[in-house]
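Here is the structure we will look at, set down as structure tokens.
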Amino acid sequence: MPRLRLSVIALMLAATACGGPQGQRKDNTPVVVSAIGSEKLLVDPSTVAIDEAQAVALAATAQGLVRFDRNGQIEPALAERWNVFDDARSYIFRLGEATWPDGQPVTAGEIVKVLRRAVAAGSQSRLAPYLAVIDEIVEMTPQVIEVRLKSPRPDLLNLFAQPEMAVFRPRGFAGSGPFRIVPGKREGLLLRPIEETPSDTRTPPAPQDYVRLRGEGAAVAIARFRARGSDLVLGGSLVDWPIIAAAGIAPENVRVDSAIGLFGLAILKRDGFLSTPQNRAAVAMAIDRTALTSAIAPDWTPAETVLPAQFDSAAPPAPGSWMTVAPDLRRALAAQRVREWQAVHRGPVDLTIALPTGPGATLLWGHLASAMIGIGITPHRVALNDARAELTLVDAVAPYDSGRWYLANACRACSDDAATLIAAARDAPDLYNRTHRIAEADAMLASDVAFIPIARPLRWSIVALRLVNWQGNARAWHPLNHLRKQ
């Protein structure tokens, strides 16, 4: 509680003491970045699930075989080029030149060792379920690595570009860049860009090419930016969105990503009122998605299907049965189904919804509670992971473009048949079977109403005008080496 009070005080002081343009720090100083998350930035992603701040730090100091550019597209990193063979069951990476902080070259053997550890059984990485498809990682020559898969995966490069797949030496978390950590005791990390030109011709980095990175809470990060103490806030989500307006951040500094992923309510218990697809559809129909999203954030995109696009499915995103009902009739039909349930069971309908803490989650709760009350349901809010929850919020950006990721994360208490289809898509022997199992599972989840989509994930940054290269993208990922014109 004392820390929360300090955050609020800092925010109030910043909001009242500062005026004029925001983010107008001189362009001859290091770029100061606040990433929302833990203050402890350097951790091993195979032993602990990393948060946004830790992901930013890892990606800045330790690249993988490939990485994301400012548009969220794949670009070379340790691998300078690659080829895909055998119906996307074999990936061959040819390595470029890279060095550790002590000047020693990064070898294929070292890369293979780190990657094998990242995909090993027991890894705590959020990617672990999707990396289980990897059969072998082999050093073919000192410059060539092959990744062999049990089943075809045309989207594997997006997984290898994630921060969890960075290659680093465990001692000191030393990686090959694109930044080096400047030694010294300080708050956060001071990062120096790696000079890629020969030593006899290169120009030392200018002060504005350095980055000072902190991990901190959203309120402190926003207050720091408002006080002109930083240039960039990364990792914002719905949870802390209202603080931006409370702090008086100028609209031209606020950027919203068109992120793709899941944002909606997953069914946790299939009993009581939620025991039938018709009643689960009533909950889905009660929510006015356009009114909810526009009331919270003008640029927030509503969603009605589990898949936002066809991706690797054999069919377009499957609509829920409730979507055939005209929007202006949905609430009336939902209320009728609640009354019919009450008439049979002679009692009220209560639903318990698990949500995160934070002002944005409270705004969301207000809209959801109003929607439930409007059709005759009494809602109750509990914390995430509370055993009493019957519905829980899922808010996640997709790490790669596969329908199976969406279905696997939406299926919390889906039917056995749907779970079997999702598993069959994972283990499909070829792309034809994989795409058709994904399409069948998507249709089954939609008709069963095992997940209630609400919107696309809301992700935001606060960006100083000096960072002209910041670019919104579907990954909601913003590499520190792509913030300025080079």
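The values are calculated or read from the model by the stated rules, or taken from the named source; none is laboratory data. It should be emphasised that the depicted structure is a prediction, and the values quoted were computed from it without experimental measurement. Note: ideal-geometry Cβ built from the backbone for every residue, glycine included; neighbour counts use all protein chains shown. These accessible areas exclude ligands, DNA and RNA; they are computed on the full protein's heavy atoms, side chains included. Shrake-Rupley method; radii C 1.70, N 1.55, O 1.52, S 1.80 Å.
For segment 272-299, filtered to residues that are of a type outside the set (G, A, S) and more than 27 Å from the chain's Cα centre (by Cα), the residue that is farthest from W322 (Cα to Cα) is F273. With respect to A223, is the statement that it is more than 30 Å from N433 (Cβ to Cβ) and out of contact with any strand residue (DSSP E or B) (no Cβ under 8 Å at 6 or more places or on another chain) true? For A223, the condition - more than 30 Å from N433 (Cβ to Cβ) and out of contact with any strand residue (DSSP E or B) (no Cβ under 8 Å at 6 or more places or on another chain) - is met.
Taken together, the residues in segment 120-178 that are at positive phi and open to solvent by 30 Å² or more (accessible area, probe 1.4 Å) amount to 3.
Looking only at residues in segment 399-430 that are surrounded by fewer than 21 Cβ atoms within 10 Å (Cβ to Cβ) and touching a strand residue (DSSP E or B) at 6+ places or on another chain (Cβ under 6 Å), the one that is farthest from W477 (Cα to Cα) is A413.
Checked against the criterion of being buried (at least 18 other Cβ atoms within 10 Å of the Cβ) and of a type in the set (S, T, N, Q), segment 283-295 has at least one qualifying residue. Here R81, R117, R126 are screened, and the one residue that is among the charged types (D, E, K, R) and either at pLDDT 95 or above or over 23 Å from W405 (Cα atoms) (or both) is R81.
Within segment 179-209, the set of residues being among the β-branched types (V, I, T), modelled with pLDDT of 85 or more and either part of a loop (DSSP other than H, G, I, E, B) or surrounded by fewer than 16 Cβ atoms within 10 Å (Cβ to Cβ) (or both) comprises V182, I194.
Within segment 222-237, how many residues are among the small types (G, A, S), open to solvent by less than 10 Å² (accessible area, probe 1.4 Å) and either in contact with an Asp or Glu (Cβ under 9 Å, 6 or more places away or on another chain) or in a strand (DSSP E or B) (or both)?
Within segment 222-237, the first condition is being among the small types (G, A, S), and the residues that meet it are 223, 227, 229-230, 235-237.
So of that shortlist, the ones also open to solvent by less than 10 Å² (accessible area, probe 1.4 Å) come out as 223, 230, 236.
With the extra rule that they be either in contact with an Asp or Glu (Cβ under 9 Å, 6 or more places away or on another chain) or in a strand (DSSP E or B) (or both), the set shrinks to 236.
Adding up the residues that qualify gives 1.
Scanning segment 382-398 for residues that are in contact with a strand residue (DSSP E or B) (Cβ under 6 Å, 6 or more places away or on another chain), surrounded by fewer than 19 Cβ atoms within 10 Å (Cβ to Cβ) and farther than 24 Å from D257 by Cα turns up V382, L384, D386, R388. Filtering segment 403-415 to residues that are at pLDDT below 95 and polar (S, T, N, Q) leaves only S415. Across segment 71-119, the qualifying residues are those that are part of a helix (DSSP H, G or I) and open to solvent by 60 Å² or more (accessible area, probe 1.4 Å), and the one among them that is farthest from R153 (Cα to Cα) is K113.
I'm trying to understand the selection: among the residues of segment 121-134, which are small (G, A, S) and over 22 Å from the mean Cα position of the chain (by Cα)? Step through it out loud before you land on a result.
Within segment 121-134, the subset small (G, A, S) is 121-123, 125, 128, 132.
A121, the sole residue that qualifies.
Being closer than 16 Å to P399 by Cβ, modelled with pLDDT of 90 or more and not in a strand (DSSP E or B): is that true of A49 here?
Values: closer than 16 Å to P399 by Cβ: yes; modelled with pLDDT of 90 or more: no; not in a strand (DSSP E or B): yes.
Judged against the criteria, A49 is not a match.
Against the criterion of being surrounded by 20 or more Cβ atoms within 10 Å (Cβ to Cβ) and among the acidic types (D, E), D442 qualifies.
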